[in-house]
Amino acid sequence: MNLILLGPPAAGKGTQAKRIEERHGLVQLATGDMLRAAVAQGTETGRKAKPIMDSGKLVPDEILIAMIAERIAAPDCGNGFILDGFPRTENQAAALDAMLAERGRRLDHVIEMKVDEAALVDRVTGRFTCATCGASYHDRNHLPKRAGICDVCGGTKFTRRADDNAEAMKVRLAAYREQTAPILPYYRARGVLSTVDGMAPIEEVSRQIEAILSAPSRPAESVREC
Ligand code: AMP
């Protein structure tokens, strides 16, 4: 099964992708995480991407397309993958189609996580993660039970993303509205798009996603018509 989670920044795509990964044995492919790893490793891609990411704009398509093409060809993606943060432009969506066709694979579901933009600014300005295990926290509504100690792994180092601030968030939301949201009708027309309420509690969002994943996906014939 191959899925896309689509939604604005901080809609909860990463949280839900991890849950789907565990339940269905799929691999989460989070392009933001891949780029942040490239930045941390100081690769050429990382050096190019860092100032763009910090500003909230999108990194050029060719970098992302090459990254995903290499990743989905890897053996661990054989059972299927969850794309989290890709595609984000019409060019990326078209490139993904070509990659899947080349490998004789198809897209089973595109799940849109619908959220209220005002709430997203509040979500990002305050979020931080455990540097060891990646568990997420928030200054105002989800602090570790013991101050400074991760509930999950006991780690004591925490990180905040450079682009999780109000100014970059404005740019990130505009990029979503102007460059990513226009992909939605493309997937709707193909009958693969479903929408969940990203404002609902995490468990409820998971329940809605599970209901979509357990429904039969469209017949194979319609794939060829697209
Ligand atoms: P994310 O962690 O998904 O919020 O991504 C963080 C940042 O990485 C974005 O604001 C972009 O600058 C960059 N990025 C991640 N995925 C993509 C993509 N598919 N296309 C272009 N830029 C991306």
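Taking V110, is it of a type in the set (V, I, T), at negative phi and part of a strand (DSSP E or B)?
Considered against the rule, which asks whether it is of a type in the set (V, I, T), at negative phi and part of a strand (DSSP E or B), V110 comes out as yes.
Among the residues of the stretch 76-109, which ones are under 15 Å from the mean Cα position of the chain (by Cα) and of a type in the set (S, T, N, Q)?
The answer is T89, Q92.
So, D163, is that one away from the ligand (no atom under 14 Å from the Cβ) and touching a residue at least 12 places away in the same chain (Cβ under 8 Å) or not?
no
Take the conditions touching a strand residue (DSSP E or B) at 6+ places or on another chain (Cβ under 7 Å), surrounded by fewer than 16 Cβ atoms within 10 Å (Cβ to Cβ) and part of a helix (DSSP H, G or I) and apply them to D33. Does it pass?
Answer is no for this residue.
Quick check on V124: is it under 18 Å from the mean Cα position of the chain (by Cα), within 16 Å of the ligand (Cβ to nearest atom) and at pLDDT below 95?
yes
Could you list all residues from the stretch 6-30 that are assigned to a helix (DSSP H, G or I) and more than 10 Å from the ligand (Cβ to nearest atom)?
T15, Q16, A17, K18, R19, I20, E21, E22, R23, H24
Check the stretch 38-51 and report whether any residue there is under 30 Å from Q208 (Cβ atoms), of a type in the set (G, A, S) and within 10 Å of the ligand (Cβ to nearest atom).
No, the stretch 38-51 contains no residue that is under 30 Å from Q208 (Cβ atoms), of a type in the set (G, A, S) and within 10 Å of the ligand (Cβ to nearest atom).
Is it true that some residue in the stretch 176-198 is among the β-branched types (V, I, T), assigned to a helix (DSSP H, G or I), under 30 Å from P51 (Cα atoms) and in contact (Cβ under 8 Å) with a residue 24 or more places away in the chain?
For the stretch 176-198, residues among the β-branched types (V, I, T), assigned to a helix (DSSP H, G or I), under 30 Å from P51 (Cα atoms) and in contact (Cβ under 8 Å) with a residue 24 or more places away in the chain: present.
Of all residues being over 22 Å from the mean Cα position of the chain (by Cα) and among the charged types (D, E, K, R) in the stretch 127-184, which is nearest to V39 (Cα to Cα)? Just the residue, please.
Result: K157.
The values are calculated or read from the model by the stated rules, or taken from the named source; none is laboratory data. Given the structure is predicted, the values throughout are model-derived calculations rather than measurements. No Cβ is skipped: glycine too gets one built from the backbone with ideal geometry, and neighbour counts run over all protein chains shown.
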